[in-house]
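For reference, the structure is listed below as structure tokens.
The values are calculated or read from the model by the stated rules, or taken from the named source; none is laboratory data. Values in this document were obtained by computation on a predicted structure and should not be read as measured data. Here the Cβ positions follow ideal geometry from the backbone for every residue, glycine too, while neighbour counts run over all protein chains shown. For the accessible areas, the whole protein counts, side chains as well, though only heavy atoms, and no ligand, DNA or RNA atoms are used. Shrake-Rupley method; radii C 1.70, N 1.55, O 1.52, S 1.80 Å.
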Amino acid sequence: MENLIILGAGVSGWTAAIYAGRAELKPLVFTGIEEGGQLMLTTTVENFPGFSDGILGPTLMQEMKKQSEKFGAKVIQKEVTGFKKIKEGYEITAGKEKYSVKAVIISTGASARWLGLPEEKKFQGRGLHTCATCDGFFYKDKEIFVVGGGDSACEEANFLTKFAKTVTIVHRRDELKASKIMQEKVKSNPKIKFLWNSEIVKLVGEAPLKTVTIKNTKTEKTKDYKIDGVFLAIGHVPNVKIFEGIIKFDEYGFIKTDERRRTNLPGVFAAGDVQDHIYKQAITAAGTGCEAAIEAEKYLAEIGN
Ligand code: NDP
């Protein structure tokens, strides 16, 4: 039986692995299909303390992984498909393998939110994207839309101006939700335009995407726009599918934890974006990963590990 399994290998998962490794718990880290989490989809991270010139997201993740392995974490590149309570602890399924474990840290993160339009699937990756750093390159000298009004939308829009001819931020209200500094950046960028009170209600035709129907949220009038590509930056949804019905969620669908990162199940902790709908920062994910690992260590000691 394993001591501790960490589900997910983003900032919170790796931080938990470093702490648990140093506590000699020999944690297993299941990376899932998105090893490195959301920082793999960013360029320079400027607000992670300790890097005055910024650090590339993927580089930071690579360093955290190395640090975890240095302290004895075992990395398993598999997606976990099942989680259940058993008499002595928990059982984790990954492919055909099953693992019994005494304590678990859930750090499965959150994934990009899609619009929820019925025709959306056929355009995914074919004119409709959720990651500017991954797909922006394909839009050299093109005209694109970025949907959303938060920091992500502004960051993506700014980044996309490196390639695109014009970037139009399509937002459902008439003011941005983003922080002041981000607002200033997009408003002063000559390549960025705005479509206020606007919502995409239809993706028209066959892939690749060429036309979208936009509804004005004030007048309810609709209009078709010719466009080369659309990038969505409308927030994230937590990756919690395998825990449905077993672990309690908060009103926003994120895992509910107390101030000690405990879930409703003994020995099961959660850290990072999967349990945080407020801050969602790399540094807060690291903080909660640390907390979860310290609590897991205490829990294991209490049950006589
Ligand atoms: P947010 O939740 O902050 O913003 C989401 C935006 O998308 C909102 O403007 C929202 O509209 C809009 N939206 C949500 N659902 C829909 C929908 N179905 N259709 C159309 N529009 C929709 O998410 P972000 O990803 O921007 O940011 C998350 C967190 O990460 C924040 O705390 C942010 O500060 C942080 N962040 C920080 C960065 C940095 O510091 N460099 C970079 C990126 C993110 P409405 O405004 O009407 O609610």
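Remarks
- When the listed pairs LYS74/LYS102; LYS66/LYS87; LYS187/LYS221 are checked against a 28 Å cut-off, the alpha-carbon distance exceeds it for LYS66/LYS87.
- Per residue, the chain reaches -7000 deg cm²/dmol at 222 nm when only DSSP H runs of four or more residues are counted, each adding -39500 (n - 2.57).
- Spin-label zone in the stretch 48-90 - amide nitrogen under 20 Å from a point set 7 Å from the Cα of SER111 along the C-beta vector: 76-84
- Here the stretch 114-232 has 51 percent of its accessible surface on carbon and sulfur atoms, given a 1.4 Å probe and all protein chains in place.
- Label positions at LYS121 and LYS84, each projected 7 Å from the Cα along the C-beta direction, are separated by 2.8 nm.
- Rolling a 1.4 Å probe over the protein heavy atoms gives the stretch 1-132 an accessible area of 49 Å² per residue.
- Over 20 Å apart at the Cα level, from the set LYS177/LYS256; LYS177/LYS226; LYS140/LYS193, are LYS177/LYS256; LYS177/LYS226.
- For LYS162, the aspartates and glutamates whose Cα falls under 18 Å of its own Cα, not counting residues fewer than eight places away in the same chain, are ASP135, ASP141, GLU143, ASP151, GLU184, ASP228.
- The alpha carbon centroids of the stretch 21-43 and the stretch 150-175 are separated by 30 Å.
- Applying 1/(1 + (r/R0)^6) with R0 = 22 Å to the Cβ-Cβ distance of GLN77 and LEU56 gives a FRET efficiency near 0.55.
- Full-stretch length increase - ARG22, THR211 - with 0.36 nm per residue and alpha-carbon distance subtracted: 62.7 nm
- The loop-placed chymotrypsin sites (Phe, Trp or Tyr not before Pro) in the stretch 245-305, going by DSSP, that have at most 15 neighbouring Cβ atoms within 10 Å of their Cβ come out as TYR252, TYR279.
- To put it simply, the accessible area of the stretch 9-104 at a 1.4 Å probe is 49 percent carbon and sulfur.
- Loop trypsin sites (Lys or Arg not before Pro), the stretch 16-89 (other Cβ atoms within 10 Å of the site Cβ: 10 or fewer; DSSP): LYS87
- Zone of LYS70's modelled label, taken as backbone nitrogen in the stretch 11-40 under 18 Å from a point 7 Å along Cα→Cβ: 11-27
- For the chain, the Cys residues with no second cysteine's beta carbon closer than 4.7 Å are CYS154, CYS290.
- With all protein chains modelled, accessible area of PHE163 [1.4 Å, Å²]: 40
- Length available on full extension from GLU184 to THR44: 0.36 nm per residue minus the Cα-Cα distance, which gives 48.5 nm.
- Each of the GluC sites (Glu not before Pro) that DSSP puts in a loop and that has at most 16 other Cβ atoms within 10 Å breaks the chain; the longest unbroken stretch is 121-174.
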